[in-house]
Amino acid sequence: MNLVNDRKYALGMLVLSVVYCVSAWSLDTDFDPVNEKFYPFVLSVLMILLSIGLFIWPSPQSTVWPNWKNLQKIGLTFSAILVYSLVLHKIGFIISASLLMAICMWVFEASRKWILPTSVIVAIVFYVIFDRLLGLNLPSGLLSFV
Amino acid sequence: MFDQLLHGFSIALSTQNILLVFVAVFLGTIIGMLPGIGPINAIAILFPIVLQFELSAPSALIFFAGIFYGSQYGNSISSILLNVPGTSSAAVTCIDGHPLAKQGRAGPALAMSAVASFSGGVLSIFLLIFFAPILSRLAIDFGPAEYFVLMVCAFTALTSFSHGSFIKALFSAILGLAIATVGIDELSFGGMRRFTFGVEELGDGIDFIVVVIGVFAIGELFLYLSDMTADSVQKIAPLNRVLLTFRELKESAAGILRSCVTGFLVGVLPGAGATIASFLAYSTEKKMAGPDSKFGKGDLRGVAAPESANNSSAVGSFIPLLVLGVPGSETTAVMLAALITLGVTPGPTMLTEQPDMFWGVAASMFIGNLVLIVLNLPLVKLLAKILLVPRWVLMPLIAVLSIVGVYVLNGSEFDLILMLVFGVIGFIMRKTGFPLAPLILGLVLGGLIEVNFRRALTYSYGEYSTFFESPISIALWVITLLSLVAPVFFNSLKKGRSQG
């Protein structure tokens, strides 16, 4: 039984709540129940009270955080999606989605020979389904001549 | 009521809606079957496509509902064959389903699951069309004050019935409400920007789809990676003839009926949902069977009970959504958010003012369940082949589907980054024991709660007594208090029993 965990989380909650509280308070309007300031302020007060509550009455629970290898995998997936988001408009859907799919497959320990063909096929199939058949615009980017 | 149901069928039987039901329950079965994608992810990812097709609100709901109850059929397939539940509501089905498969009786187990799902599903539609109109008569006199109190009541019930720490659940709910306040305030004159921290893109607020896909799909991805071990190879049990004997059916019939009623009632309660329903039904049947039964070692009745219960609870969860306009679970919350985007004003008058939606959906559920029993009995062998898709294709596919779903919503790169941020938030919340359902409910209802709160106070010139004036409000406050006290009471009862 580890009671310290919840106390740490309670401090995190408190920081979040105070930030929300301060930015609610600094809204430039009257403090009137029908205005846009009062309601978020009430929410933030409740959040602060709950954070203090969790600190006083932590629940017995233990958190198993990922080991270093798995943490690296999560970091790699996170970065892959981040890079995808940043370059999507420039290089287009097919190339960036193939890359993302390939990195994810590698992270999920797919065998090497499958990664390249699968990720290219998936990206093209998605492009055809969403862009051409369903008419939802996906950026074509570098391949805009197709 | 009969006329209205006929009218419902006239809606559900239009070519477009029949097609939608077919596609929805088929997708639902597959989504339910594959561990890692729940109905909530599917609905969120498919929502931009529904927008693109400009479906009417009833058609969209027919489609989403089909995915939801369809997934309650499919989720037992992987429970039985792989010992991995497709969605959490089929976790109990593993207890007896997988031992049966190991004994070479996967066929009867799957057949029983399909029959129980069908019976639970269809019987609960009758309960739905019987009780919904009765309840809706209570809900005519709702003003902003009553609606506000109703939502407070739904929140308290949701948080106190959810698993784990009450403080964390409540914090999660209020965090959802707080996220909903980001963006331009529509009530104030001129539209004040709140909590955008100078980020231009946050002016329009945070789209619920971005949060749902982030927290659930991306969060799930991180969660899977964090617990990944080298030996995650799955073995699928061999599948023989999918048939049941008359005796096996007769033995389970009473349990299916009981579980259907339990499941429905649990489904109506906010916060409880299909997972709790299936657990409750299973433990009841186990107790009734007595200590000599084969429960836990492979009893067909142990497959029948949870499958009947989780299907009827999915149908029951449409009562708070369609009658009161307040969802009680994360999946129905996403459906409500989708309906709001499609221009439906949610509230206790939905059933009377938009009868097409309720009766159309109810009628379509009959059709959907018929399609599902065909999919899950004669075709189940074919469907089970989908389980052979390895994890290293499935999980990356979910990642790519998620980013496509979020991108096509607004065509914005900023939404993708926001989704990623919520993916991390969802992952941390799961790891640290904060439930996600209250967060989603808070996000979806946040706008409505604030509007009704401020409107009620505007009408009453700032008098708080407006929230305690009508008999409906008072009754709702009493229910709120009871739902706060109930878990404490049950817990002490449980403790007393285990000590005694």
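The values are calculated or read from the model by the stated rules, or taken from the named source; none is laboratory data. A quick note: this is a predicted structure, and the numbers were derived from the prediction, not measured. Using ideal geometry, Cβ is built from the backbone for each residue, glycine included, and neighbour counts are taken over all protein chains shown. For accessibility, only protein heavy atoms count, side chains too; no ligands or nucleic acids. Shrake-Rupley method; radii C 1.70, N 1.55, O 1.52, S 1.80 Å.
Order the following by accessible area, largest value first: A:H89, B:H98. Probe radius 1.4 Å; ligands, DNA and RNA are ignored.
Values: A:H89 85, B:H98 25 Å².
Accessible-area ranking of A:H89, B:H98, largest first: A:H89, B:H98.
Counting only heavy atoms of protein chains, what accessible area per residue, in Å², does the stretch B:323-412 have with a probe of 1.4 Å?
Details: 2740 Å² over 90 residues.
On a per-residue basis, 30 Å².
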**Study point:** Cα-based shape type of the stretch B:436-475, given that a ≥ b ≥ c are square roots of the gyration tensor eigenvalues and the cut on a/c is 1.5
**Key:** oblate
**Study point:** Reachable aspartates and glutamates from A:K90, criterion Cα separation under 19 angstrom, eight or more residues apart if same chain
**Key:** A:D131, B:E413, B:D415
**Study point:** Buried on assembly, the stretch B:370-407 (at least 30 Å² less accessible surface than by itself, 1.4 Å probe)
**Key:** B:W392, B:P396, B:L397, B:V400, B:L401, B:I403, B:V404, B:Y407
Review point. Going toward the positive end of the dipole of the stretch B:290-416, with +1 on Lys and Arg Cβ and -1 on Asp and Glu Cβ, which of B:V371, B:L383, B:L416 do you reach last?
Key: B:L383
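Once the piece of chain linking B:Q16 and B:A254 is laid out straight, how much longer is it, given 0.36 nm per residue of separation minus the C-alpha distance between them?
Working: separation 238, 0.36 × 238 = 85.68 nm, distance 3.74 nm.
The span from B:Q16 to B:A254 would gain 81.9 nm if fully extended.
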Revision key, fill the gap. Of the residues B:G298, B:A333, B:I398, the Cα lying farthest along the dipole of the stretch B:261-400 towards its positive end, which is defined by charges on the beta carbon of Lys, Arg, Asp and Glu, belongs to B:G298
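Using the beta-carbon distance between B:E463 and B:I134 and R0 = 30 Å, what value does 1/(1 + (r/R0)^6) give for FRET efficiency, to the nearest 0.05? All intermediate terms of the calculation are to be shown ahead of the outcome.
Details: r = 33 Å, r/R0 = 1.11.
According to the calculation, E is roughly 0.35.
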Check your understanding: In Å², what does the accessible area per residue of the stretch B:43-191 work out to with a 1.4 Å probe?
Key -> 30
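State to the nearest 20 debye the size of the charge dipole of chain A about its Cα centre, where the only charges are +1 on K and R beta carbons and -1 on D and E beta carbons. The partial results should precede the final answer.
On the way: 9 positive and 7 negative charges, 172 e Å.
Taking the Cα centre of chain A as origin, the dipole is about 820 debye.
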Practice item. Let me have the 222 nm mean residue ellipticity of chain B computed from DSSP H runs of 4+ only, each contributing -39500 (n - 2.57), with the sum over all residues rounded to the nearest 500. Key: -23500 deg cm²/dmol
**Study point:** Gyration tensor over alpha-carbon atoms, chain B, equivalent ellipsoid semi-axes in Å
**Key:** 35, 26, 23
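How high is the FRET efficiency between A:L71 and B:K235 when r is their beta carbon distance and R₀ equals 30 Å, given to the nearest 0.05?
On the way: r = 29 Å, r/R0 = 0.96.
Once rounded, the FRET efficiency stands at 0.55.
Given DSSP loops and a limit of at most 15 other Cβ atoms within 10 Å, what is the longest stretch of chain B that contains no such GluC sites (Glu not before Pro)? Could the numbers behind the result be given before it?
Numbers: sites that count: B:E54, B:E186, B:E463, B:E469.
That gives B:187-462 as the longest site-free run.
Please report the projected area of the stretch B:152-191's Cα convex hull averaged over all directions, in nm². Write down the numbers at each step before the final one.
On the way: hull surface 13.1 nm².
Mean orientational projected area (the stretch B:152-191, Cα hull): 3.3 nm².
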**Study point:** Accessible area per residue in Å² at 1.4 Å probe, computed on the stretch A:1-106
**Key:** 52
Review point. In the neighborhood of B:I43, defined by Cβ-to-Cβ distances under 15 Å, what is the net charge if each Lys or Arg adds +1 and each Asp or Glu adds -1?
Key: -3
Review point. Along the positive direction of the dipole of the stretch B:127-262 (beta-carbon charges: Lys, Arg +1; Asp, Glu -1; about the Cα centre), which of B:P133, B:L170, B:A154 reaches farthest?
Key: B:P133
Practice item. Compute the distribution of all C-alpha to C-alpha distances in the stretch B:209-363, in bins of 10 Å from 0, and list the percent of pairs in each, rounded to whole numbers. Key: 10, 26, 28, 25, 11, 1
Check your understanding: Just which residues of the stretch A:26-48 lose 40 Å² or more accessible area with every protein chain there, against their chain alone, with the probe set to 1.4 Å?
Key -> A:L27, A:P33, A:V34, A:E36, A:Y39, A:L43, A:M47
Check your understanding: In deg cm²/dmol and to the nearest 500, what is the mean residue ellipticity at 222 nm of chain A if only DSSP H runs of at least 4 residues count, each as -39500 (n - 2.57), divided by the residue total?
Key -> -22500 deg cm²/dmol
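What is the magnitude of the charge dipole of the protein assembly as shown about its Cα centre, with +1 placed on the Cβ of each Lys and Arg, -1 on the Cβ of each Asp and Glu, and no other charges, expressed in debye to the nearest 20?
Working: 35 positive and 35 negative charges, 555 e Å.
Dipole of the protein assembly as shown, to the nearest 20 debye: 2660 debye.
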Point to revise | the stretch B:95-110 versus the stretch B:1-68: alpha-carbon centroid distance in Å | key: 31
Point to revise | Cα-centre dipole for the stretch B:117-205 with unit charges at Cβ (Lys and Arg positive, Asp and Glu negative), debye to 20 | key: 340
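Scan the stretch B:135-217 for chymotrypsin sites (Phe, Trp or Tyr not before Pro) in coil per DSSP, keeping those whose Cβ has at most 16 other Cβ atoms within 10 Å, and list them by number.
Working: sites: B:F142, B:Y147, B:F148, B:F155, B:F161, B:F166, B:F171, B:F189, B:F195, B:F197, B:F208, B:F216; in loops: B:F142, B:F189, B:F195, B:F197.
Those satisfying the criteria are B:F189, B:F197.
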**Study point:** the stretch B:302-341-the stretch B:116-169 distance, computed between alpha-carbon centres (Å)
**Key:** 9
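Across chain A, how large is the tail of the calculated P(r) beyond 19 Å, expressed as a percent of all Cα pairs? Don't skip to the answer; put the middle values down first.
Values: 7451 of 10585 pairs.
Counting every Cα pair in chain A, those more than 19 Å apart make up 70 percent.
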Check your understanding: Roughly how many percent of the accessible protein surface of chain B is carbon and sulfur, given a 1.4 Å probe and a whole-percent answer?
Key -> 67
**Study point:** Sequence-distant aspartates and glutamates (8 or more away, or on other chains) whose Cα lies within less than 13 Å of B:K431
**Key:** A:D6, B:E220, B:D227
Point to revise | Protein heavy-atom accessible area occluded, A/B pair - total, 1.4 Å probe, Å² | key: 5700
